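Below you'll find the structure, written out as structure tokens, and then a few comments.
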Amino acid sequence: MISRDCEGWVGTAIFFLLWFMAGTIIGAVITTGIYERQMAGKDAEIRILYRQIDELEAKVEKLEPEVERGTASWYGPGFHGKMTASGTRFDMDGWTAASPYLPLGSFVRVTNENNGQSVMLKITDRGPYKGGRIIDVSRAAAHELGLLWPGTAIVKIESWK
């Protein structure tokens, strides 16, 4: 049996412990609700972006592209992190390309004629500066296109104006 001297102290301790536990549970429930609402908002934003991408792809498919064929090469390590002609930093793991004449900021579909692999790339830089080549692609694009190890490949470039 607890003596009368400790009853007040024990009761107070139990009260505060229960109060703390209730506050923690209520806080967790409120925080979870806020987080879920925030994530629901992010999911909605992502759905909107995907819908916009789908709409853009549908529009692009309806347009007749300008087609060009030639030799593509890739560039990466020596230029990684340096400024491009468009004012952005070159990311060799990004989905970008360099063209001597296509408008900066435009998108192109590059298809390797040997294996049929294709990627959509954004023109962010000028080049290539080696004769006989029509486009330089980033290392990531070169890997996807299968031209990383040979270094060059015959490609088809589709561009939309």
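The values are calculated or read from the model by the stated rules, or taken from the named source; none is laboratory data. The structure presented is a predicted model; accordingly, all values stated were derived computationally and were not measured. Virtual Cβ from ideal backbone geometry, glycine too; neighbours counted across all protein chains shown. For the accessible areas, the whole protein counts, side chains as well, though only heavy atoms, and no ligand, DNA or RNA atoms are used. Shrake-Rupley method; radii C 1.70, N 1.55, O 1.52, S 1.80 Å.
Laid out as a table, the results:
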{"item": "Those residues of the range 110-132 which are out of contact with any Phe, Trp or Tyr (no Cβ under 8 Å at 6 or more places or on another chain), of a type in the set (D, E, K, R) and at pLDDT 95 or above, in sequence order", "result": "GLU113, ARG126"}
{"item": "Of residues in the range 44-77 being open to solvent by 50 Å² or more (accessible area, probe 1.4 Å) and at pLDDT 85 or above, the one nearest to ASN114 (Cα to Cα)", "result": "ARG69"}
{"item": "Residues being over 18 Å from GLU158 (Cβ atoms) and either touching a residue at least 40 places away in the same chain (Cβ under 8 Å) or touching a Leu at 6+ places or on another chain (Cβ under 6 Å) (or both) - total across the range 91-134", "result": "10"}
{"item": "Number of positions in the range 91-127 that are buried (at least 21 other Cβ atoms within 10 Å of the Cβ) and closer than 13 Å to GLY76 by Cα", "result": "4"}
{"item": "Residue in the range 133-147 that is on the phi > 0 side of the Ramachandran plot and open to solvent by less than 60 Å² (accessible area, probe 1.4 Å) present", "result": "yes"}
